[in-house]
Amino acid sequence: MKKLFVAVLAVFLGSAFVVTVFAQAPAAPGTAPEQKAETKAAWKGNMHHVRGEVTAVDMAAKTLTVKGKKGDMTFDVTNAKMKGEPKAGDKVRVAYMKKDGKMVAKHVRIKGAKKAEKPMVPETAAPAPAK
């Protein structure tokens, strides 16, 4: 009787583990790791850079217009990494690629943008003299 109970329990536990493995949803195509590798490969050979002065910023349309050596260029900054928020008159360096007839920015760096300074801590009063 004991052997029969152990055998039934082993079959039950074994089937429970197998069912949980098959119950997991398959990964949808275009998951994050696949997209990340795909975008890195796409950027690697098609990356361009331009330096210039910001002439217009439209945050509603997520565009940035830069006047460089080749004239005015408008970039889509929807997914761009930006250090600060550029404004008209700022000198910037834009890393971009041409995609579907648009220039899509990957990085926008403002020239002369400094890290936020640490707030100054007021000096504490001198400690009381010991008795």
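The values are calculated or read from the model by the stated rules, or taken from the named source; none is laboratory data. None of these values were measured; they are calculated from a predicted model. All Cβ positions, glycine included, derive from the backbone under ideal geometry; neighbour counts span all protein chains shown.
Assorted remarks:
- Within the span defined as region 4-24, every residue fails to be within 20 Å of residue 106 (Cα to Cα), at pLDDT 65 or above and exposed (fewer than 10 other Cβ atoms within 10 Å of the Cβ).
- Subset of region 72-88 [under 16 Å from residue 102 (Cα atoms) and either in contact with a Leu (Cβ under 7 Å, 6 or more places away or on another chain) or part of a strand (DSSP E or B) (or both)]: 72, 73, 74, 75, 76, 77
- Scanning region 58-68 for residues that are crowded, with 17+ Cβ neighbours inside 10 Å and under 14 Å from residue 89 (Cα atoms) returns 64, 66.
- Residue within region 100-110 that is in contact (Cβ under 8 Å) with a residue 60 or more places away in the chain and surrounded by 16 or more Cβ atoms within 10 Å (Cβ to Cβ) present: yes
- Test: residue 65 is at pLDDT below 85, within 18 Å of residue 81 (Cα to Cα) and either in a strand (DSSP E or B) or β-branched (Val, Ile, Thr) (or both): no
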